[in-house]
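Notes for the one structure printed next.
The values are calculated or read from the model by the stated rules, or taken from the named source; none is laboratory data. The structure displayed is predicted, hence computed values, not measured ones. Note: ideal-geometry Cβ built from the backbone for every residue, glycine included; neighbour counts use all protein chains shown. For the accessible areas, the whole protein counts, side chains as well, though only heavy atoms, and no ligand, DNA or RNA atoms are used. Shrake-Rupley method; radii C 1.70, N 1.55, O 1.52, S 1.80 Å.
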Amino acid sequence: MFSLLLPRPGRGNDRGPRPFPIALILACLACAWLFAALPAASTPLPLTFPQALRLAEQNAPLLKAHEARLEAAREDAGRAAALPDPRLTLGLSNWPVTGPDAFDLRADEMTTQEIGVMQEFPARAKRRARQALADAGLAQAQAMSLAGQGVVRQAAATAWIELWAAQQARDALLALREPAEVATRTARARLAGGSGTATDALAARSAALLLENRLDAAEAAVQTAQAGLSRWLPARAAPPVAEGPAPALMELPAGGTDPMAAIERHAAMRPWASQQAVAEAQLDAALAGKHPDWSVGVTYGRRDRAPDGMPRSDMLMLEVSLGLPLFTRNRQDRDIAARRAELDAAAAEREDARRAQRETVNRALATWQGLRRQLARQQQEVLPLAGARARAALAGYAGGGDLQAWLEARRDEIEQHLEQARLQGELGRAWAALAYLLPDPENTP
């Protein structure tokens, strides 16, 4: 066993070394490293609103999948109009297999050993249609990528705003701890002085405990919101904390001021437009199916010498073939009819998506406008009034008044703080639904 020799404390003249195990040293170092790493792993990750969106776009697997499909569509578009690979042909013709000359390559002067090359040339209309179809597929992949970016931005923005609103509610409730402690101390002092009752003291203590319950629920809401935002962050990231100011939820960015003005440019609508373009390209490809293909083949045939040793001439063959789309009724015509039906379906689905998008935007706009008015009233009137009422009731109780008035005012103040957090979260969701309608960066916050 490996060991490290260290001096032992002296016992008279005993100065000999004693072994100290290296395994114990390594274990101590590992424990020190582990304890040093634990605080870093639990340290919260402060995130501003722009940072959260940027990290979401960098780490979303959905966007990586769209990027991979976009790259695949680019590669497909680059090869769509290419000619088919040439064919190498090997053969043996006019080879006798019966009679006295069976399997003799030199017996019959027509026996030839052949090697050739064949190239197919699809109709030009078909090649153009294939290229157009591939380009439409590339445009569809780009539209899906833009739509995915909008989905990720909207989801990350909503998650950050919900965390910010939950933190606001928790902090507001934390600020109410001190008045609760003041009321509890006042009730105990009045009870000790003979001017109060045990009922008031117990009621004040009960109000403080109920506040702690609300704080626990608020902390749970913060942790739930952290889990929602962590979905858009790198794996094994620390729990996020919403830092900095929230976006201007009372105002829409440039792209959301008139959501219906450019509904076809909405990120959610672009995949439907590209799907219809793909259906149109498929119909063009089906129409091009009536154009004939043709091919060219060149074959070189070598003949062995005759049995008497005389040389025989080699052979060269040139072959041109042309497709004959004569019976189109049960082939090309049915393909064309099927593609027309798919185009009609794509157009109808696009119109249905347009109506659904119009309904979604109108609902979000109405919700945002209503919540904006409610939150403005909550911040400017309701919350200040509830706070003033609670402070006046507490001051009145400290001056010898009734505790019940403070308990009621206190309960109302807590409920109004929670109502404000709820309004902020709902307003954030409606705002995000309107702010990220357009994929253009200049039209989004």
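Return the ratio Rg/(2.2 N^0.38 Å) for the range 69-216, where Rg is computed over Cα atoms only. Before the final figure, lay out the partial values.
Numbers: Rg = 43.8 Å, N = 148, 2.2 N^0.38 = 14.7 Å.
Normalised Rg, Cα atoms only: 2.98.
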Taking R0 as 45 Å, what's the FRET efficiency between GLN51 and THR197 from their Cβ-Cβ distance, rounded to 0.05? 0.25
Seen from all sides and averaged, what is the projected area of the convex hull of the Cα atoms in the range 324-384, in nm²? 5.7 nm²
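Run the numbers for MET310 and ILE115: contour at 0.36 nm per residue of separation, minus the present Cα-Cα distance, in nm.
Working: separation 195, 0.36 × 195 = 70.20 nm, distance 2.28 nm.
Computed gain between MET310 and ILE115 is 67.9 nm.
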For the chain, calculated [θ]222 nm from helices alone, where every DSSP H run of n ≥ 4 adds -39500 (n - 2.57): -21500 deg cm²/dmol
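Would you mind working out the accessible area per residue for the range 54-154, using a 1.4 Å probe, and quoting it in Å²? Numbers along the way, then the final one.
Numbers: 6180 Å² over 101 residues.
About 61 Å² of surface per residue is accessible.
Normalized C-alpha radius of gyration of the range 164-236, against 2.2 N^0.38 Å?
On the way: Rg = 17.8 Å, N = 73, 2.2 N^0.38 = 11.2 Å.
That works out to 1.58 for the range 164-236.
Ignoring any ligand, DNA or RNA, what whole percent of the accessible area of the chain comes from carbon and sulfur when the probe is 1.4 angstrom? Let's see the in-between values first.
Working: 14860 of 26180 Å².
The computed percentage sits at 57.
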The ³J(HN,Hα) series, computed from each phi in the range 183-192 with the Karplus coefficients 6.51, -1.76 and 1.60 at θ = phi - 60°, rounded to the nearest Hz and given as x for glycine or proline, is 5, 5, 5, 5, 4, 5, 5, 5, 5, 5
Pick out which of GLU212, GLU114, GLU426 has the largest mean-square fluctuation in a Gaussian network model of the chain, springs linking Cα atoms closer than 10 Å. GLU114
Over the alpha-carbon set of the range 254-344, work out the extent along each principal axis and list the three values in angstrom, largest first. 97, 36, 14
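Kindly provide the Kirkwood hydrodynamic radius of the range 246-294 in Å, to one decimal, from all pairs of distinct alpha carbon atoms. Each step should come with its number before you reach the end.
Details: mean 1/r = 0.0697 Å⁻¹.
Value: 14.4 Å, from the Cα pair sum.
So what is the diffusion coefficient of the range 99-147 in µm² per second by Stokes-Einstein at 20 °C and 1.002 mPa s, using a Kirkwood Rh over Cα pairs?
Numbers: Rh = 16.0 Å.
In µm²/s, the coefficient rounds to 134.
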In a Gaussian network model of the chain with springs linking alpha carbons closer than 10 Å, the residue among ASP344, ASP104, ASP216 that fluctuates most is ASP104
Given the convex hull of the Cα atoms of the chain, what is a quarter of its surface area in nm²? 52.0 nm²
Using a 10 angstrom cutoff on alpha carbons, build the Gaussian network for the chain and name the most mobile of LEU210, LEU92, LEU322. LEU92
Relative contact order of the chain, defined on C-alpha pairs under 8 angstrom at six or more residues apart (%): 22 percent
With a 1.4 Å probe and every protein chain left in place, work out the accessible area per residue of the range 167-208 in Å², rounded to a whole number. 54 Å²
List the longest stretch of the chain that has no exposed loop site; here a site is one of the trypsin sites (Lys or Arg not before Pro) assigned by DSSP to anything other than H, G, I, E or B, with at most 14 other Cβ within 10 Å. 16-230
Size of the range 289-445 along its principal axes in angstrom, Cα-based, largest extent first? 139, 40, 30
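Give the accessible surface of the range 368-445 per residue, rounded to a whole number of Å², with probe radius 1.4 Å and ligands, DNA and RNA excluded.
Details: 3570 Å² over 78 residues.
Roughly 46 Å² per residue, with all protein chains present.
Which length gain, in nm to one decimal place, applies between ASP171 and HIS291 when the Cα-Cα distance is subtracted from 0.36 nm times their residue separation? Walk me through the numbers on the way to the answer.
Numbers: separation 120, 0.36 × 120 = 43.20 nm, distance 7.35 nm.
Here the answer is 35.9 nm.
When the chain is fully extended, how far beyond the present Cα-Cα distance does ILE263 get from GLN58, taking 0.36 nm per residue of separation?
Values: separation 205, 0.36 × 205 = 73.80 nm, distance 2.73 nm.
Length gained between ILE263 and GLN58: 71.1 nm.
Loop sites only, by DSSP: take the chymotrypsin sites (Phe, Trp or Tyr not before Pro) in the chain that have at most 14 other C-beta atoms within 10 Å and name the longest stretch containing none of them.
On the way: sites that count: PHE2, PHE103, PHE327.
For chymotrypsin sites (Phe, Trp or Tyr not before Pro) (loop position, at most 14 other Cβ atoms within 10 Å), the longest site-free span of the chain is 104-326.
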